[in-house]
Amino acid sequence: MEDYKVADYSIFSNAISSTSNYTSKITSIQEAMSNSKSQLSNESVFMGPICDSCVKGFGSLDGLISTLISNFGTISSYLNDTSTAYKNGDTAAMDKVLSISGGVVGVGANSNVNTGGGTKDDIYNMLAKKGFNNAAICAILANMEHESGFDTTAVGDGGTSYGLCQWHNGRWDNLNNYCSEHNLDSSTVEGQVEYLCYELENSYGDVYDTLKNVPNTKQGAYDAAYKWTVDFEIPDDRYNRGKARGDTAASSYWDTYGVQT
């Protein structure tokens, strides 16, 4: 994102105005569709299945348009809150990012956190920029602690697992191949977090969806950590380990990173 000066507030104002105009136009379309749906419903007695199909079609479109209006509302609030803070000199306001999951826009975590946690902070900030919320990031951090102690070069399982998430056998090969193809170093936090996000979205969609939609709460951190352990890390005794890692996410990590906004 470009670094605009506080004097460039008009940039934000124009964006807010445009968002408001689009929302107004889409709302008008929704109202017109609602009227057409009502008229078709009245005519269905005479025209039968054709009108019924049209009414169902309008119903489906209405849901999509409602989501779109909600998304524009989220974007408008984000722009307004961010621009107001930025106008008042709070440049850190720009560190909070928007995220999109399943077609729904949300506000992610602060992506410029410094708690003195070193590697943990680096991982947190990278994941925040990817649109994960605090609860999801706490879940990932808790699992990394148990897997590798945040050592990017940790080798386990008799020499068959590697890195922050202890990628095992073929998954370790996939990490190396991905980093090689994308000019990344597979022994670094950056390389491993970039691959982690790629692997999540492309090979572990169920886990990815859970983390992208988890409530941003202490319980959410527990639930996400449990899900991550059971369906992504898949260690021995995974269900009991999932509970232990859920506790770690909901206690030490939520207490540190859950408050970051």
- Among helices (runs of 4 or more DSSP H) entirely within region 169-232, at least 1 residues that are more than 18 Å from the chain's Cα centre (by Cα) and within 29 Å of Ser252 (Cα to Cα) occur in 170-181, 189-203
- Task: Inspect all residues belonging to region 233-251 and state whether any of them is more than 16 Å from His146 (Cβ to Cβ) and in the same structural domain as His146 (by TED's automatic domain parsing).
- Result: no
- Within region 245-253, can one find any residue that is among the charged types (D, E, K, R) and surrounded by 18 or more Cβ atoms within 10 Å (Cβ to Cβ)? yes
- Note on region 128-159: residues surrounded by fewer than 23 Cβ atoms within 10 Å (Cβ to Cβ) and among the hydrophobic types (A, V, I, L, M, F, W, C) are Phe150, Ala154, Val155
- Message: Given the criteria of a type in the set (Asp, Glu) and touching a Gly at 6+ places or on another chain (Cβ under 7 Å), does Asp173 qualify?
- Response: no
- Query: Just checking, how many residues over region 146-187 are touching a Leu at 6+ places or on another chain (Cβ under 6 Å) and closer than 22 Å to Asp231 by Cβ?
  - Reply: 2
- Message: Please go through region 125-148 and give me each residue that is part of a helix (DSSP H, G or I), under 16 Å from Asn216 (Cα atoms) and touching a helix residue (DSSP H, G or I) at 6+ places or on another chain (Cβ under 6 Å), ordered by number.
- Response: Leu127, Asn134, Ala135, Ala136, Ile137, Cys138, Ala139, Leu141, Ala142
- Hey, Gly220 surrounded by 14 or more Cβ atoms within 10 Å (Cβ to Cβ), at pLDDT 95 or above and among the small types (Gly, Ala, Ser) or not: no
- Task: Inspect region 160-169 for any residue being in the same structural domain as Glu145 (by TED's automatic domain parsing), surrounded by 17 or more Cβ atoms within 10 Å (Cβ to Cβ) and at positive phi and give the result as yes or no.
- Result: yes
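The values are calculated or read from the model by the stated rules, or taken from the named source; none is laboratory data. Computed from a predicted structure; not experimentally measured. Ideal geometry is used to build each Cβ from the backbone, glycine not excepted, and the neighbour counts take in all protein chains shown.
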